[in-house]
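Inspection log for the structure reproduced underneath, given as structure tokens.
Read-outs throughout are calculated quantities, based only on the coordinates presented, and are distinct from any laboratory measurement. Keep in mind the model is a prediction, meaning the values are calculated, not measured.
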């Protein structure tokens, strides 16, 4: 092709190259615009989950209904021991559940009060120094451990790694909590550390071991009950994230109700913990759908006293703090509950609210 009249060959080629680049700009612009729209359409809350116990899967439709609600994650839990969850996962029903979740694109996690399995209680007879000291100055295997006993930490880490091989979360997020609202160690070396700080000593040790097996591992620090207050002396290792579980708050009013002292205590604890752990990976573990809590952990269960306006206000409270991972216990929504009350419309409402929430301008 010859250069056009009035242009040198170099000028012509430069002009032609420029024209080609200009012609490409609209396509690139459209791609960028499409990417921006896709990003804007993604839910703000990245984790949109429920936490269940194995018995809840007697309602076999749980994975399908979670997916229909737009949830991202189902976590399995048991208050007594991870053994109940490992037994489920190894059973036919557990394998079917995992296959359903894979097919539906649901993530699976495991949220566990794990101490009795991480440091087996039968070690106490010969190694009492591994276990906590109570306020009377006596070593006891009743709960948790002594975080200044290096061997206790090492044994706990070894068992955490073994448990992770069976209960491997699809998200690389691990939840190994202390015993449920139980005291930590009062020995001379531990007693100057708060219970939250003691939990963090253990968690830092567990995370280091987990990362040797799973380089992407993240581990939760549970702010709940006696570990609700933020740690002040121990610093979280990189990869520790906050999990905030306000079990003692009121649910007939929003969390940020300033006139209620219990709700305000929890909100202040949340903010203090966010200053330690940051909001980037923080997760809220709520009780909006927790039939077991509203039934006072007894059966027969009561019908869920769900308030959509409280959920909506709470999502504002969490979202404006930059928290993007939200889940709720939904324990005792099982086959028995469905037979008595029908399928819970509250699940779909919960999922919809999580999907559509967006930060308001100016936040």
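The figures follow:
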| read-out | value |
| --- | --- |
| Nearest 10 degrees, 0 to 90: helix 9-41 Cα axis against the chain principal axis | 30 |
| Descending semi-axes in Å of the chain, equivalent ellipsoid built from Cα gyration tensor | 44, 27, 22 |
| Cubic angstrom per residue, convex hull over Cα atoms of the range 61-200 | 115 |
| Globularity index of the range 37-120, i.e. its alpha-carbon radius of gyration over 2.2 N^0.38 Å | 1.22 |
| Angle between the chain longest axis and helix 308-319 axis [Cα atoms, degrees, rounded to 10] | 70 |
| Volume per residue that the Cα convex hull of the range 269-327 spans, once the total is divided by residue count, Å³ | 87 |
| Relative contact order for the chain, counting Cα pairs under 8 Å that sit 6 or more residues apart, in percent | 18 |
| Equivalent-ellipsoid semi-axes of the range 96-169, from the Cα gyration tensor, Å, largest first | 34, 12, 9 |
| Distance between the range 310-363 and the range 57-123 - C-alpha centres, whole angstrom | 20 |
| Stretchable slack from residue 348 to residue 60, in nm (0.36 nm times residue separation minus alpha-carbon distance) | 102.0 nm |
| Volume per residue that the Cα convex hull of the range 128-172 spans, once the total is divided by residue count, Å³ | 95 |
| C-alpha long axis of helix 261-277 to longest principal axis of the chain, angle in ° | 60 |
